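Peer 1: Dropping the structure in here first, questions after.
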Amino acid sequence: MKNSISKFLSLAVLAALALNTSCSSDDDSSGGDGDSTFVLDRENLTGEINDGEVILESGTYKLTGKLIVNAGAKLTIRPGVRVEATPATAGDFAAVRYIAVAQDGQIDVQGTSSSPVVMTAAVEAPGAWGGLVLCGKAPINKGLTASAEVSDLTYGGDMPGHSSGRITYLRLEYTGFSYNSEKEFNGLSLFGVGSGTVIHNVQAYEGSDDGFEWFGGTVNASNLVVYNSHESVGDDMFDWTEGWVGTGQNWYGVRTNAGNRGIEADNNSNNHMASPISNPTINNLTLVGLGEADTSSETQAVKLRVGTKAMFDNVVLSNWKTGFDIQHDEGIGYVTDGSLAATNVKFEDITTNSVGKNTAGDTIDVSAFFTINESATGAGNGANAPSWASGWALGLQ
């Protein structure tokens, strides 16, 4: 009899505990916080995450200021979550909305093709908010470390394999807030980010500055999309500088406005030979421009300058006035020695395939830079949208 009563009481206690746990979970409408002291508020997402894991579970979170993920902390975002930047008062630079991951902080964006994570703005216009900034500990050529031009966080170091986390199936919309002409946010800014970081299936949509920019580092990035059509979108789709030596695979960029280039690539504008020298490998690239209707001053599909190296393969350039533009003595030398080259390139409706100028401004023949292959597929489907972007990327036909 005592055993029966004891078993009954034990079952009752377990049931009560289970009910209490279930109710606690249901009452948490903002999401999870894995032992973090950060107070998560769905209507007021801002501040600094200093410890533990903060989880954005579902639905929409209002980004009302900067959100910084500091060393030792982690921000996890589940599939389908929408982070929406609220409007900021014009000129109130302290209130700029953006998300930044500091050195040794972690981000885990868990989007899927059918349920991507979306970071956007209540005001659907380019430059409405900052964007996403990652700061890692991989090498740069601006010094051992430096301060990021947006967020002012430290980046760089001597850890090429460093990880800032994982980003999959993320769409960044209406980014590019500008403090001034020299200090602007991109869609995704990668400052000294290491190769331990995963970046796969990410779109920059209608941002007013660069879609993606690498400031040194070793991170690899695949399945990237940039789409720009708004009249106020004005900068490059892809940009690298300060010694980036990672790889890019399956990049697809389209602009139907008078913005800037498909790719702008540098090593270091103050010291063209600064080490490590920018030297990425880019495979499967498609860049589509505005063609003869483009009245802007920067109508090159790819501009390579101030000492960058790079190796391209399987490239489709469509509807640009200039295909490749190579500048400065260092770049001309790299074409000669083969450390700056593009193989299997298809030119479609390109007015001039390549132009070159040395540091003195003299015109140089750089046609040895590329080899032509009319069967090149670029990002996967020639000038047309690749199948891997279907369902989660906007603006593509």
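Peer 1: To the nearest 10 degrees, how steeply does helix 328-337 sit against the main Cα axis of the chain, on a 0 to 90 scale?
Peer 2: 90
Peer 1: Sticking with this one: Just list whichever of Lys321/Lys357; Lys183/Lys321; Lys137/Lys303; Lys142/Lys309; Lys74/Lys183; Lys74/Lys137 have alpha carbons separated by over 19 Å in the model shown. Could the numbers behind the result be given before it?
Peer 2: On the way: Lys321/Lys357 17 Å; Lys183/Lys321 28 Å; Lys137/Lys303 27 Å; Lys142/Lys309 17 Å; Lys74/Lys183 27 Å; Lys74/Lys137 16 Å.
Listed pairs above 19 Å: Lys183/Lys321; Lys137/Lys303; Lys74/Lys183.
Peer 1: Additional query: Aspartates and glutamates near Lys346 by alpha-carbon distance under 12 Å, same-chain residues fewer than 8 away left out - which ones?
Peer 2: Cross-link targets: Asp313, Glu374.
Peer 1: Same structure again: Name the GluC sites (Glu not before Pro) in the stretch 152-221 that are in a loop by DSSP and that have at most 12 other C-beta atoms within 10 Å, would you?
Peer 2: Details: sites: Glu173, Glu182, Glu184, Glu206, Glu213; in loops: Glu182, Glu206.
Listed in order of number, the matching sites are Glu182.
Peer 1: Determine the shape class of the stretch 208-280: with a ≥ b ≥ c the square roots of the Cα gyration tensor eigenvalues, call it rounded for a/c under 1.5, and otherwise prolate if a/b is greater than b/c, oblate otherwise. Walk me through the numbers before you get to the answer.
Peer 2: Values: a/c = 3.24, a/b = 1.60, b/c = 2.02.
It comes out oblate by the Cα gyration axes.
Peer 1: Could you work out the local net charge near Arg78, counting Lys and Arg as +1, Asp and Glu as -1, over the other residues with Cβ closer than 10 Å to its Cβ?
Peer 2: Surrounding charge for Arg78 is -2.
Peer 1: Let me know the Rg and Dmax you get for the stretch 269-397 when you use only its Cα atoms, in Å.
Peer 2: Looking at the stretch 269-397, its Cα Rg and Dmax stand at 15.2, 48 Å.
Peer 1: Rank the residues Ser189, Ser390 as a footprinting-exposure proxy: fewest other Cβ atoms within 10 Å of their Cβ go first.
Peer 2: Exposure proxy ranking, most exposed first: Ser390, Ser189.
Peer 1: Let me ask something else. By how many degrees, between 0 and 90 and to the nearest 10, does the Cα long axis of helix 2-27 differ from the longest principal axis of the chain?
Peer 2: It works out to around 40 degrees.
Peer 1: Return Arg171, Arg166 ranked ascending by Cβ neighbour count within 10 Å, so the fewest neighbours appear first. Provide the component values of the computation, followed by the final result.
Peer 2: Details: Arg171 21, Arg166 16.
In order of increasing Cβ crowding within 10 Å: Arg166, Arg171.
Peer 1: Mind checking Rg over Rh on the chain, alpha carbons, Kirkwood formula for Rh? Write out the running numbers ahead of the final one.
Peer 2: Working: Rg = 23.4 Å, Rh = 21.9 Å.
Rg divided by Rh gives 1.07.
Peer 1: Would you work out which of Asn314, Ile49, Phe238 lies farthest towards the positive end of the dipole of the chain? Charges go on Cβ: Lys and Arg +1, Asp and Glu -1.
Peer 2: Ile49
Peer 1: For Gln203, what residues show an amide H to amide H distance below 5 Å, using hydrogens built from the backbone and excluding near sequence neighbours?
Peer 2: Amide H neighbours of Gln203: Leu170, Arg171, Leu172, Val225.
Peer 1: Just want to confirm a number: the relative contact order over the chain, from Cα pairs under 8 angstrom separated by 6+ residues, in percent. Don't skip to the end; give the middle numbers.
Peer 2: Details: 1260 pairs, mean separation 36.3, N = 397.
In percent, rounded to a whole number, it is 9.
Peer 1: Of Thr351, Ser222, Asn257, which is farthest along the charge dipole of the chain in the positive direction, counting Lys and Arg as +1 and Asp and Glu as -1 at C-beta?
Peer 2: Toward the positive end, the furthest listed residue is Ser222.
Peer 1: Which of the listed residues, Pro139, Ser367, Ile277, is farthest toward the dipole's positive end in the chain, when Lys, Arg count +1 and Asp, Glu count -1 at the beta-carbon?
Peer 2: Pro139
Peer 1: Still on this structure: How large is the charge dipole for the chain, taken about the Cα centre, if only the Cβ atoms of Lys, Arg (+1) and Asp, Glu (-1) carry charge, to the nearest 20 debye?
Peer 2: Details: 22 positive and 46 negative charges, 219 e Å.
That gives the chain a dipole magnitude of about 1060 debye.
Peer 1: Just how large is the dipole of the stretch 204-273 about the Cα centre, in debye to the nearest 20, putting +1 at every Lys and Arg Cβ and -1 at every Asp and Glu Cβ? Walk me through the numbers on the way to the answer.
Peer 2: Numbers: 2 positive and 11 negative charges, 52 e Å.
Computed charge dipole of the stretch 204-273: roughly 260 debye.
Bear in mind these aren't lab numbers, they're just calculated from the coordinates by the rules spelled out. Model, not experiment: these values are computed from the prediction. Please note: Cβ atoms are built from the backbone with ideal geometry, for glycine as well, and neighbour counts cover all protein chains shown.
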